[in-house]
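**Student:** Just dropping this structure here.
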Amino acid sequence: MEPILEVEDLRVYYKSIWGDYRSVDGASLKAYRNEVLSIAGESGCGKSTLVEGVLRLVKPPGYIPTGRVVFEGTDILKIPEEDLRRIRWTKLAYVPQGAMNSLNPVVKVEEQAIDAIIDHSSMDEEKARELAFSMFKEVGLRAEVGGMYPHQLSGGMKQRVIIATAIALKPSLVIADEPTTALDVVVQRGILQLFRMLKEKYHMTVIMVSHDMAAHAQIADRIAIMYAGKIAEVGSIHSIFEEPLHPYTKGLISAIPSIGKRYVKGIPGLAPSPLNWPPGCRFHPRCQHATALCAKVDPPMKEIGSERFVACHLYG
Ligand code: SF4
């Protein structure tokens, strides 16, 4: 499989009077063409910061001390801002967290989509209008929705407007951060199916960030589990759900509620602070399998079988 995106040892830090918050601290992963890659983990593990680093959207006091982000052969962290702007939207689209609330309340949604298309392409208004109309239809919105204002739309409809706008120029990679948060389960399912359709119809690669493991199970081909600023485990969605290896992954899966389960087992303890990650394996204060080695040595990522990786001293 050909990787479309390779992230190597990416670090994203935030300066503060107490020291650097090391939100992403040595994360590496690959996304392949025409796949849905999920990034999962508790709130505060660095998922959203990771995609902001990948898209070079980190603003001061944040900074990227090290790392490589190679997208279609180009190191995004090294190219001039103007070149990056040309790639954004046309090749690399982003649906940020809470994007549906960023729609301008006094402009009809169709006009907002047309503005974005014109701004990132050489299309005239007529062509951009035609494209916006066809994309609204593609994501399941009725024709009259384009002429409405954001307050006239439900949360799910607003999210579809955002997705239609983001993918209008047919990017090869779409990164969506918590696209189903704050939506009810029926609407969530519709949005997840929409991403799956985009992958299948337009051969896009989709990276979805969410803390919701059940959402990942519905859409992903592969999943990367993130803990304390690093990737803890990566594998196909089936292998991770059927046989999770990392004790943290096991904890996340056992915390998914289901009708047959009488009790939901959570992960003991709290996520550590990026200001002061624990030494050794960062999960060791919460891990029931921790040994003296775990408290001292950070486990490297090891390949366990085909396209299955885990960073834990119990393996390899
Ligand atoms: Fe637990 Fe040790 Fe594995 Fe970390 S390296 S997850 S502490 S067993």
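**Student:** Can you tell which of TYR32, TYR149, TYR263 shows the greatest fluctuation in a Gaussian network model of the chain with Cα springs below 10 Å?
**Tutor:** TYR263
**Student:** Could you work out which residue, out of ASP75, ASP115, ASP184, moves most in a Gaussian network model of the chain, that is, has the largest mean-square fluctuation with Cα springs under 10 Å?
**Tutor:** For the chain, modelled as a Gaussian network with Cα springs under 10 Å, the answer is ASP184.
**Student:** Over the Cα atoms of the chain, what Rg and Dmax result, in angstrom?
**Tutor:** 20.2, 67
**Student:** Output the relative contact order of the range 164-316, whole-number percent, from Cα pairs under 8 angstrom with separation of 6+ residues. Please report the intermediate quantities before stating the final value.
**Tutor:** Values: 193 pairs, mean separation 26.1, N = 153.
The value is 17 percent.
**Student:** Out of all DSSP beta bridges in the chain, what portion is antiparallel? Express it as a percent rounded to 5. Walk me through the intermediate numbers first.
**Tutor:** Values: 28 of 46 bridges.
In the chain, approximately 60 percent of DSSP beta bridges are antiparallel ones.
**Student:** Could I ask something else about it? At a Förster distance of 30 Å, what's the computed FRET efficiency of HIS289 paired with MET1, Cβ-Cβ distance as r, to 0.05?
**Tutor:** So, using R0 = 30 Å, E works out to roughly 0.40.
**Student:** Further question on the same structure: Hey, for a label at ASN34 modelled as a point 7 Å past Cα toward Cβ, could you say which residues of the range 217-239 have their backbone N under 11 Å away?
**Tutor:** none
**Student:** Label ILE259 and LYS15 with points 7 Å out from Cα along Cα→Cβ: what is the distance between them in nm?
**Tutor:** 5.6 nm
**Student:** Determine the gain in length on full extension of the stretch SER236-ILE64; use 0.36 nm per residue of separation and subtract their C-alpha separation, reporting nm with one decimal. Walk me through the intermediate numbers first.
**Tutor:** Details: separation 172, 0.36 × 172 = 61.92 nm, distance 2.91 nm.
Stretched fully, the SER236-ILE64 segment lengthens by 59.0 nm.
**Student:** Residues in the range 123-167, backbone N under 15 Å from the label point at LYS201 (7 Å along the Cα-to-beta-carbon vector): list them, ranges by number please.
**Tutor:** 131-143, 160-167, by backbone N distance to the label point.
**Student:** In square nanometres and to one decimal, what's the mean projected area of the convex hull around the Cα atoms of the range 169-212?
**Tutor:** Working: hull surface 12.5 nm².
Over every viewing direction, the Cα hull of the range 169-212 projects on average to 3.1 nm².
**Student:** Let me ask another. In whole percent, how big is the carbon plus sulfur part of the accessible area of the range 92-234, probe 1.4 Å, protein atoms only?
**Tutor:** 53 percent
**Student:** Next question, about the same structure. Could you state the accessible area per residue of the range 1-120 in Å², with a 1.4 Å probe and every protein chain left in place?
**Tutor:** Working: 5650 Å² over 120 residues.
With the other protein chains kept in place, the range 1-120 gives 47 Å² per residue.
**Student:** Running a GNM on the chain with Cα contacts under 10 Å, which residue among SER172, SER48, SER16 ends up with the highest mean-square fluctuation?
**Tutor:** SER16
**Student:** Which entries of LYS47/LYS250; LYS91/LYS127; LYS78/LYS127 have Cα-Cα distances beyond 23 Å here?
**Tutor:** Details: LYS47/LYS250 18 Å; LYS91/LYS127 19 Å; LYS78/LYS127 33 Å.
From LYS47/LYS250; LYS91/LYS127; LYS78/LYS127, over 23 Å: LYS78/LYS127.
**Student:** Just to confirm the number: angle between the C-alpha axis of helix 125-138 and the first principal axis of the chain, 0 to 90 degrees, nearest 10?
**Tutor:** 50 degrees
**Student:** To the nearest 10 Å², what's SER102's accessible area with a 1.4 Å probe?
**Tutor:** Surface accessible to solvent at SER102 totals approximately 90 Å².
**Student:** Taking the Cα centroid of the range 273-306 and of the range 158-188, what is the distance between the two, rounded to the nearest whole Å?
**Tutor:** 34 Å
**Student:** For the range 217-244 and the range 95-126, write down the distance between their C-alpha centroids in whole Å.
**Tutor:** 33 Å
**Student:** Follow-up. So what is the calculated 222 nm ellipticity per residue for the chain, using -39500 (n - 2.57) for each DSSP H run with n of 4 or more, over all residues, to the nearest 500 deg cm²/dmol?
**Tutor:** Working: 10 runs with 97 residues, N = 316.
Calculated at 222 nm, the ellipticity per residue is -9000 deg cm²/dmol.
**Student:** Which shape class, rounded, prolate or oblate, goes with the range 82-135 when its Cα gyration tensor gives a ≥ b ≥ c as root eigenvalues, a/c under 1.5 marks rounded, and past that a/b bigger than b/c marks prolate?
**Tutor:** Numbers: a/c = 1.96, a/b = 1.05, b/c = 1.86.
It is oblate, given that a/c is not under 1.5 and a/b is not larger than b/c.
**Student:** Under a 1.4 angstrom probe, counting protein chains only, how are HIS216, HIS211 ranked by accessible area, largest first?
**Tutor:** Details: HIS216 0, HIS211 95 Å².
Reading off the accessible areas and sorting them downward yields HIS211, HIS216.
The values are calculated or read from the model by the stated rules, or taken from the named source; none is laboratory data. Quick caveat, the model's predicted, so the values are computed rather than measured. For neighbour counting, all protein chains shown are included, and Cβ atoms are generated from backbone atoms with ideal geometry for every residue, glycine included. Side chains are part of the model used for accessible areas, which takes the heavy atoms of the whole protein and leaves out ligands, DNA and RNA. Shrake-Rupley method; radii C 1.70, N 1.55, O 1.52, S 1.80 Å.
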